[in-house]
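The structure appears below as structure tokens.
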Amino acid sequence: MTATENLLTIKHLAKKLARARRIKHISALELTAHQLGYPHWNALTADYKKGWRPSSTQITALLDLVDAENPLRAKEPASAGWDAFSHVPGIALRASRSQSRSAADPFSVDPILGELDGHPFRLNVILDDVVMEGRGWQIVVPEAPSASPEIRVTDRRIKLNPVADQGFQDKAVRAAQIRAQQVRARISSDWPRRSTVADADGRTQHPLFGGIADRWFCLHCDQVSSGRQMAQNLWHCPACGSAPIDIHISKWW
Ligand SMILES: [Zn+2]
């Protein structure tokens, strides 16, 4: 690896981080500098000019950071992103069904199997909604960040349904939300950059139809939203939850 390639590699990884986290590129550069032991990006580039180079271990650590941020696009997706679940007390991830993801459906995600407080569960991603379920219960975290988690009792005959316990329910919702965060990182990484971070004038680009504007219209409920609101809510209407396909640049109807 040549000297310039080194800095390009770091910048490239910072860019990936920025997309997955939906943050400004400079913030991602600062974060990357921190990871490499520098107080800020300028300190890193100053040292770089004096001959400092990242070690291969440091580059690997950066790669791991990017994979952890966007595990559904990681090179080894089977257990990427599992570390994030370690913050949920009582959770144990047992196995991910080792299906190889089909090239025909790049959005398919392997389910995660595990136990929460000893109760088996399955954590699935279905059309970008997260569905976590066990015997007698189901929790859905929709794709839109503004949407609330839905908690359902799916079998009333089960005595001592664990989801009836508030502590269990809170932890299960937390786990489902961690997965949802990972799904949103993948969506943000796949979309045009301008779809998830507004420009200085608050304008954003529609991820499906293109077009750049600072005001957007919901075909479903007539709600008018700002470019920033659309980016924040991943192009779902903040009022009615409609999908990006219902968001239009002009009120043509
Ligand atoms: Zn709407």
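The values are calculated or read from the model by the stated rules, or taken from the named source; none is laboratory data. In this text the structure is predicted, and so the values were computed from the model without any measurement. Don't worry about glycine lacking a Cβ; one is built from the backbone with ideal geometry, like all the others, and counts go over all protein chains shown. Each accessible area value is taken on the protein alone, full model and side chains, heavy atoms only, with ligands, DNA and RNA left out. Shrake-Rupley method; radii C 1.70, N 1.55, O 1.52, S 1.80 Å.
With the radius of gyration and the Kirkwood radius both derived from the Cα set of region 193-248, what is their ratio Rg to Rh? List each step's numbers first, then the result.
Numbers: Rg = 9.6 Å, Rh = 10.5 Å.
Here the Rg-to-Rh quotient is 0.91.
If DNA, RNA and ligands are ignored and the probe is 1.4 Å, what is the ranking of Thr9, Thr32, Thr57, Thr154 by accessible area, most exposed first? Present the calculation step by step, with values, prior to reporting the outcome.
Numbers: Thr9 35, Thr32 0, Thr57 100, Thr154 80 Å².
I get Thr57, Thr154, Thr9, Thr32, largest accessible area first.
In percent, how large is the relative contact order of region 193-248, given Cα pairs closer than 8 Å and 6 or more residues apart? Spell out each step's value before the answer.
Numbers: 100 pairs, mean separation 17.6, N = 56.
That works out to 31 percent.
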Expected unfolding gain across Ile126-Glu76 under the 0.36 nm per residue rule, minus the alpha-carbon gap, is 16.0 nm
Among Pro192, Pro71, Pro54, the residue with the largest mean-square fluctuation in a Gaussian network model of the chain built from Cα contacts under 10 Å is Pro54
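If you put +1 on each Lys and Arg Cβ and -1 on each Asp and Glu Cβ, how big is the dipole of the chain around its Cα centre, in Debye rounded to 20? Kindly include the intermediate steps, with their values, before the conclusion.
Working: 32 positive and 26 negative charges, 63 e Å.
Taking the Cα centre of the chain as origin, the dipole is about 300 debye.
Given the -39500 (n - 2.57) contribution per DSSP H run of 4+ residues, what per-residue ellipticity at 222 nm results for the chain, rounded to the nearest 500 deg cm²/dmol?
Details: 7 runs with 88 residues, N = 253.
My calculation for the chain gives -11000 deg cm²/dmol from helical runs alone.
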Restricting to lysines and to Cα separations under 19 Å from Lys50, and discarding same-chain partners fewer than 8 apart, the set is Lys11
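If you average over every viewing direction, what projected area does the convex hull of the Cα atoms of region 3-69 give, in nm²? Could you put the intermediate results ahead of the total?
Details: hull surface 15.7 nm².
Orientation-averaged projected area of the Cα hull: 3.9 nm².
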Mean Cβ-within-10 Å packing, highest first, puts peptides 228-234, 155-161 in the order 228-234, 155-161
Note: region 82-190, point scatterers on Cα, Debye, no solvent; log10 I/I(0) at q = 0.21, 0.24 Å⁻¹ equals -1.18, -1.45
For the table Lys16/Lys251; Lys24/Lys49; Lys75/Lys171; Lys75/Lys251, the rows whose alpha-carbon distance is greater than 31 Å are Lys16/Lys251; Lys75/Lys251
Contact order relative to length for the chain, counting C-alpha pairs under 8 Å separated by 6 or more residues, stands in percent at 13
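How big is the charge dipole of region 110-247 about its Cα centre, in debye rounded to the nearest 20, if each Lys and Arg gets +1 on its Cβ and each Asp and Glu gets -1 on its Cβ? Write out the running numbers ahead of the final one.
On the way: 16 positive and 17 negative charges, 38 e Å.
Computed about the Cα centre, the dipole is about 180 debye.
Relative to 2.2 N^0.38 Å, what does the C-alpha radius of gyration of region 134-173 come to as a ratio? Two decimals please.
On the way: Rg = 10.8 Å, N = 40, 2.2 N^0.38 = 8.9 Å.
That works out to 1.21 for region 134-173.
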Computed Rg/Rh for the chain (Cα atoms; Rh = Kirkwood radius) stands at 1.02
